[in-house]
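Reviewing the structure listed below.
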Amino acid sequence: YSLEEDVYIYLICQSGNEDPTLVDMLQRYSELTPLIHVSSIDPAAYPNFTSEYTDQDLDNNSLIVSSEKRSQVIDYSNIATYTTFSGEDYITSALQYVTTDSLPVVYSIEGHGEKTIDNNLLNAFNKGGTELRTLNLLVSPEIPEDADAIFIYSPSSDLTPSEAQTIINYLVSGGRLILVTDYDVSNLENLSLVMENYGVSAVDGIVMESQSDMSLSGYPHYILP
């Protein structure tokens, strides 16, 4: 990924608590190009620094990546877990996010008892540099022109016929749909029409794993990744 503008990466950490792996990685990024500027910010010495970018309390070794266009906060809990270190993924994605001229926009359809988007899924959108907005088609019956895709996340009640037709018209015109449903969509007739128009249908059943060591013990439908 080639940078063409200055980017500032701030390591938010109390002095003496730095993650050496993360510090080494940041040093390697700064050596790749003079356009990447890395600084350490001790919140004890600069208690108001992070408030310019977020109202959340950040863990030690969290990062703020900033350019003239926008900024992104990467909490350390996303970078490192007990089993993985994802610093390179998050930093590279953040560099793309803060320097790209226009961000892809996905509208999450609401108003049908959809599931709440959890932090893991939200982080996946953010990590990919995608701006997630909400859209209620009963209030605003048109899909905005800047929509790169729409997202329907496990609704518990059906679309109205007019909503379904709006979505079908959008798809026929080249629009994109990200659809996640529960295992039972038998009561969602209008959503099923949208799926059928997309060449997709739901079957009456769930996926089961026949090998016991590949699923949670006693739960063959809970497949281990």
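The values are calculated or read from the model by the stated rules, or taken from the named source; none is laboratory data. Keep in mind that what you see is a predicted model, and the values were worked out from it rather than measured. Ideal geometry is used to build each Cβ from the backbone, glycine not excepted, and the neighbour counts take in all protein chains shown. Just the protein is used for accessible areas: all its heavy atoms, side chains included, with ligands, DNA and RNA removed. Shrake-Rupley method; radii C 1.70, N 1.55, O 1.52, S 1.80 Å.
Key figures
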item	result
Count of residues meeting criterion [more than 26 Å from the chain's Cα centre (by Cα) and among the hydroxyl-bearing types (S, T, Y)] in region 13-26	1
Residue match in region 96-105 (condition: of a type in the set (D, E, K, R) and over 30 Å from T160 (Cβ atoms))	yes
Residue that is in contact (Cβ under 8 Å) with a residue 12 or more places away in the chain and over 24 Å from the mean Cα position of the chain (by Cα), where the choices are T134, T166	T166
In region 64-92, the residues that are modelled with pLDDT under 90 and buried (at least 19 other Cβ atoms within 10 Å of the Cβ)	N78
Cβ pairs under 6 Å, 6+ apart, first in region 7-32 and farther than 20 Å from T50 by Cβ and aromatic (F, W, Y), second surrounded by 15 or more Cβ atoms within 10 Å (Cβ to Cβ) and modelled with pLDDT of 95 or more	Y29/I36
Filter result for V106 (open to solvent by less than 50 Å² (accessible area, probe 1.4 Å) and on the phi < 0 side of the Ramachandran plot)	yes
Hey, S51 surrounded by 12 or more Cβ atoms within 10 Å (Cβ to Cβ), of a type in the set (S, T, N, Q) and either over 30 Å from S156 (Cβ atoms) or touching a strand residue (DSSP E or B) at 6+ places or on another chain (Cβ under 9 Å) (or both) or not	no
Condition met for S40 (open to solvent by 30 Å² or more (accessible area, probe 1.4 Å), farther than 26 Å from L103 by Cα and in contact with a Cys (Cβ under 9 Å, 6 or more places away or on another chain))	yes
Filter result for the condition that a residue is at pLDDT 95 or above, under 21 Å from T100 (Cα atoms) and open to solvent by 60 Å² or more (accessible area, probe 1.4 Å), over Y1, Y8	Y8
Conditions (1) within 15 Å of the chain's Cα centre (by Cα); (2) open to solvent by less than 70 Å² (accessible area, probe 1.4 Å); number of the one not met by Q96	(2)
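Condition check ((1) at pLDDT 95 or above; (2) polar (S, T, N, Q); (3) within 22 Å of the chain's Cα centre (by Cα); (4) open to solvent by 60 Å² or more (accessible area, probe 1.4 Å)) across all residues:
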| site | (1), (2), (3), (4) |
| --- | --- |
| R28 | yes, no, no, yes |
| I36 | yes, no, no, no |
| A44 | no, no, no, yes |
| Q56 | no, yes, yes, yes |
| S62 | yes, yes, yes, no |
